[in-house]
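To start, the structure under review is shown below, and the notes come after it.
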């Protein structure tokens with residue numbers, strides 16, 4: 001009898017505390033925006049958005065809208081562009097004669113990484129680890145929220161200061177606001 005009561009209690013308590021993605025506004029938004037089939041993924045992302053929004057004091061819906069706009073909520077998104085790499089190779093023919101050959105090659109390189117499309121210059125300025133951004137989702141979320149918090153502080157007093165995540169210039173920022181707010 002005690003076992004039946006204990007089992008009944010456990011089943012009932014699990015039902016009370018079970019996470020319902022459809023009832024959680026953030027999870028439901030992620031689930032619908034990501035167009036995923038697995039609620040567990042939506043719950044994991046919900047947890048990350050909530051954790052880092054709380055840590056940095058930012059509305060999670062802002063970051064969800066940014067991620068949707070930047071990468072369509074696909075962490076494997078990497079924006080690429082062609083870049084020119086210049087190289088000079090010098091060698092000494094003799095003590096007095098140094099010969100240098102300059103070459104240039106065009107290569108396709110990644111410029112923006114992950115859900116939040118963190119740009120290579122931002123990676124450099126914040127001294128972020130590009131491999132961790134690519135492979136460690138917690139690191140990616142923490143980095144994004146840290147950068148976003150900084151951009152919001154810089155643009156404090158402006159309309160939708162979060163849009164400085166994309167640009168400090170008014171015209172591109174306004175276009176970005178309109179695009180991102182579709183997902184808000």
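Quick note: the coordinates plus some simple rules give every number you see, no bench work behind them. These numbers were taken from a predicted model, which means no experiment stands behind them. Note that we place each Cβ from the backbone using ideal geometry, even for glycine, and neighbour counts take in every protein chain shown.
Report relative contact order for the range 90-181 in percent, whole number only (criteria: Cα-Cα under 8 Å, sequence separation at least 6). Over the range 90-181, the number comes to 12 percent. How far apart, in nm, are two points set 7 Å out from the Cα along the Cα-to-Cβ line at residue 167 and at residue 51? Spacing of the two 7 Å Cα→Cβ label points: 3.4 nm. Modelled label positions at residue 154 and residue 86, each set 7 Å beyond Cα in the direction of Cβ, lie 2.7 nm from each other.
Spacing of the modelled spin labels on residue 174 and residue 146, each 7 Å from Cα toward Cβ, amounts to 3.4 nm.
Size of the range 104-184 from its Cα atoms: along the principal axes, largest to smallest, the extents are 39, 33, 24 Å.
The simple Förster model, with R0 at 35 Å and r as the Cβ-Cβ distance, assigns residue 132 and residue 20 a FRET efficiency of 0.60. At an R0 of 30 angstrom, the distance between the Cβ atoms of residue 108 and residue 184 translates into a FRET efficiency of 0.35.
Cα gyration tensor of the range 19-181, axes a ≥ b ≥ c as square roots of the eigenvalues: rounded (a/c below 1.5), prolate (a/b > b/c) or oblate? Prolate, because a/c is 1.5 or more and a/b exceeds b/c.
Applying 0.36 nm per residue to the separation of residue 61 and residue 121 and subtracting their alpha-carbon distance, the gain on full extension is 19.1 nm.
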